[in-house]
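Accompanying notes for the structure given below.
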Amino acid sequence: MNVSLRQLQLFAAIARLGSLTAAADEQAISQSAASQSFRELERQLGYKLLRKTGRSLTLTDAGQQALPKIHQVLTQLDSLAFPQADFIGGKLRVSASETIASYLMPQLLADFIASYPLVEPELSIQNSDGVIERVANGLASIGFIEGPTSSAGVSVNRWREDRLTVFCRPDAHWLSLARVPDGEWSTLPWIVRELGSGTRAVFDQAFGQRQETPRIRLALSRQEAIKQSVRAGLGIGCLSELALVDELSAGTLVELPTLLQLERTFAIVHLPKVALTPLVQRFTEFAQGWSV
């Protein structure tokens, strides 16, 4: 089998961008040359890596299995630029769910780069399902998620604890009650994260433990949109306490005490049975010992 590094780089770019044209532009080659090079890669491998779905390119089953291996090859080749065995530098591909990416990852990366200034971070923000998908497909070397997962495609390790907070606007009528009656939590108009997010998974799990179905007024993919909707009086929200520090301190939003079980564990995910590079291994160890 005669496969070139350029062909592997091209396939990785197509998988990431979802377009042969965009990948060709990124690799600074013509579209016809890229198409010919990719066809030759598939011929050498003996199976199809991509299928065309409408105007988009998607991975075949064989392509999904090959992509993490190809990323591993490219990562190992990148490490040849740093011959010292203990050298920590190069591109660090991280994927994190929104709460972690917004409120923890910037400082974590800044502290890590302060110790290892030759590291080049690349951060992708997804919901928890999206993080797992990127790690499983080899598009990220390490991921950080904020909800329970049963995915068999990745290795999951505990990282740190978190708690969701139920909140409302300061003049909400629910605050006039000593507490919301236990049987009425499911009837309140909830403004929550979308399905697939770790925050939503914990929220749904809390109501599942009570064998109740909450009344979802809005399901939104952005935390700021949820906070603004609560401020507008559309309902009550549920987000990580990390996302509400400023608002609760300023009094623009108010915590609503609840008996719902909303504790959760953030986790680090990576591919199983794949040796971590020294950079990813060091970042994992750094993250596990890091505190805000």
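The table for this structure:
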| item | result |
| --- | --- |
| Segment 99-233: translational diffusion in µm²/s, Stokes-Einstein, Kirkwood Rh over Cα pairs, 4 °C, 1.567 mPa s | 75 |
| Dipole of segment 213-292 [Lys/Arg +1, Asp/Glu -1 at C-beta], most positive-end residue of Thr284, Ala219, Leu234 | Ala219 |
| For Val166, distant residues with modelled amide H under 5 Å away | Leu256 |
| Long-range amide H partners of Ala140 with built H, under 5 Å | Val135 |
| Calculated FRET value between Ala232 and Asp25, using beta carbons and R₀ = 51 Å, to 0.05 | 0.75 |
| Sorted peptide list for 57-63, 141-147, 210-216, criterion being average Cβ within 10 angstrom, highest first | 141-147, 57-63, 210-216 |
| Anisotropy class of the chain from Cα gyration tensor, a/c 1.5 cut | prolate |
| Backbone HN-Hα couplings from phi across segment 202-216 [Karplus 6.51/-1.76/1.60, Hz, Gly and Pro as x] | 5, 4, 5, 5, 4, 6, x, 5, 8, 6, 10, 10, x, 8, 8 |
| Charge dipole magnitude, Cβ of K and R +1, D and E -1 - segment 1-60, Cα centre, debye nearest 20 | 240 |
| Assigned charges on the beta-carbon of Lys, Arg, Asp, Glu; the chain dipole about Cα centre (debye) | 860 |
| Extreme residue, positive dipole direction of segment 16-175, given options Ser97, His173, Ser155 (C-beta unit charges) | Ser155 |
| Packing-based ranking, highest mean first, of 155-163, 113-121 given that Cβ atoms within 10 Å are counted | 155-163, 113-121 |
| Three-way shape call for segment 1-60 based on the alpha-carbon gyration tensor, with the a/c threshold at 1.5 | oblate |
| Rounded to 5, the percent of DSSP beta bridges in the chain classed as antiparallel | 55 |
| Within straight-line cross-link reach of Lys52, aspartates and glutamates at Cα separation under 15 Å, skipping those fewer than 8 residues along the same chain | Glu42, Asp61 |
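Just so you know, all these numbers are worked out from the coordinates, no wet-lab data involved. Quantities reported herein were computed from a predicted structural model and do not represent experimental measurements. Methodologically, a virtual Cβ is constructed for each residue, glycine included, from the backbone with ideal geometry; neighbour enumeration extends over all protein chains shown.
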